[in-house]
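Right, one structure below, let's go through it.
The values are calculated or read from the model by the stated rules, or taken from the named source; none is laboratory data. Just so it is clear, the model here is predicted, and its values are computed rather than measured. Note that each Cβ is placed from the backbone with ideal geometry, even for glycine, and that neighbours are counted across all protein chains shown. Side chains are part of the model used for accessible areas, which takes the heavy atoms of the whole protein and leaves out ligands, DNA and RNA. Shrake-Rupley method; radii C 1.70, N 1.55, O 1.52, S 1.80 Å.
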Amino acid sequence: PSSPPVSPPSSPSLPSPPPLSPGESLIYSISWNATFQTTVEAFPTDAYIANVSAALGVPASSVSVSVSAGSVVVTTRVSAGHNATEAARLTNIVPTLCITEPLTMGDSCTPPVVDVETIFGPASITGDPHFYGADGDRIDFKGKDNTVYNLLSAWGLALNALFTHVSFFMGGMCERCSRKTVYGSIMKVAYFRARTSTGTMLTVEYKADEPSHAALTTSGAGEEALPFATEGDITVSQKMPDTIEHKQDDVSVTLTRKHAREAAVAVRNGDFEVEVSSRYLGYAEQNGYMKRLDVNIVPLKDVARSKVAPHGLLGQSFDGDDLAVDGAVDDYSASVVVTSAMGEGAIEGDAREYEIPRASPFSSGFKYSRFDLLTAGTRHVAALSGVRRPIAAADKFSAALSTSGDDVMAAGPAPKVVEVSKQSRPMLFSA
């Protein structure tokens, strides 16, 4: 009698999406394990990524791989972006390909696992700074220690941030938990500068370590120098939900205590709403309850079509071309991680050209400044060397990014990761 046909492992259905706040969206990824009869040293990572990319019909830039010692267990992760339909297609096709194409997919494939993250964007920065651009562009940016960089430069509005090098832990404390040490960076202070409809200049300083208050200054129209004495801090409760707003002409500053672990300041004019949140690093107790700043930028109109298109490390991604450009990202596969990516490939020019003098952190002056210009176009995408990904309108970010960053990593048992391909691809672990 003939043997019964081999059936592929069952595919999971997509998990029920979490409840979304206004403007939030979801991002999907699929991962599975398989074994290969080879050695870790001999495993052809780049060829495997190319073959999986071709078999699944996805860009190679969306595939990331970790290779574990022992019987050479390969963990493959494929990003489906914001496309739930694509995530469902991948979960259905992977088990079948594991049966029909074992040379490509490996032996003993596990059923694919679907991960769903809630994100906010059109443009966001979180954790050990991971940047998500307006079209889903991805870069990491370590920054130089104790250095201020411009993140957003638009007509009459600028946001700078102080980058500080830190070390922290990721992972659980159980005996078999995966754990790693990261030598990376976080943003510690945000500096806003805004010009109101009457020409008044407003500055806001917000510190990760002092999240319940923001320092404001104002100067009259036409004044070049800003006074250093604050007009007055705005403060909220240190633990209980609370909010307060300061309004100056068409610019508003809102300070909000969301809950005991998070507070945020938001600056809004007619073009943007920019929120900077103070949050604990992931695994807060292990990391001494260290606080970081995350950034979320929401345009209030089609800013790419404005007379003055925005720029800055993050602001330049509002270029209106529905094309994501992915640049350098860090490799978090080892047990000790030293970050180094500076956005190479997906930022115009060089990181040094976005530095702001440390002694003048509210300054709007740098090479690509838009603050005082009357006309300025979008960045020159053709000059960027990063990986380009067309983004369908239905898949674009709709508003804000949550605490993915260093809060996302499997805390349970995991094989030791010994090798990961180091191209500009999505990471297996985030920090």
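What's the extension gain from Glu285 to Asp107 if we count 0.36 nm per residue and subtract their Cα-Cα distance?
Here the answer is 60.1 nm.
Taking a point 7 angstrom from the Cα of Leu373 along the C-beta vector, which residues in the stretch 152-170 have backbone N less than 18 Å away?
152-160
Gap in Å between the Cα centre of the stretch 71-111 and the Cα centre of the stretch 366-392?
What the calculation gives is 36 Å, centre to centre.
How would Arg388, Arg379, Arg138 line up by accessible area, probe 1.4 Å, largest first?
So, going from the largest accessible area down, we get Arg388, Arg138, Arg379.
From largest accessible area down, sort Leu103, Leu323; use a 1.4 Å probe on the protein chains.
Of Leu103, Leu323, the descending order of accessible area is Leu103, Leu323.
FRET efficiency for Ala215 and Asp145, Cβ-Cβ distance as r, R0 = 30 Å, nearest 0.05? Mind showing how you got there, number by number?
On the way: r = 23 Å, r/R0 = 0.78.
Plugging the Cβ-Cβ distance into 1/(1 + (r/R0)^6) gives 0.80.
Subtracting the Cα-Cα distance from 0.36 nm times the residue separation, let me have the gained length for Glu245 to Asp302 in nm, one decimal.
Here the answer is 17.9 nm.
Could you rank the peptides 125-132, 178-185, 238-245 by their average count of other C-beta atoms within 10 Å per residue, with the highest value first?
125-132, 178-185, 238-245
Could you pull out the pairs from Lys142/Lys247; Lys207/Lys301; Lys247/Lys301; Lys188/Lys247; Lys144/Lys180; Lys258/Lys367 whose alpha carbons sit more than 32 Å apart here?
Too far apart for the 32 Å limit: Lys142/Lys247; Lys258/Lys367.
Taking each pair of distinct Cα atoms in the stretch 190-342 once, what is the resulting Kirkwood hydrodynamic radius in Å? It would help to have the intermediate numbers written out before the result.
Working: mean 1/r = 0.0566 Å⁻¹.
Averaging 1/r across every pair of different Cα atoms and inverting gives 17.7 Å.
At Ala383 and Ala359, where each label point lies 7 Å from the Cα along Cα→Cβ, what is the point-to-point distance in nanometres?
3.0
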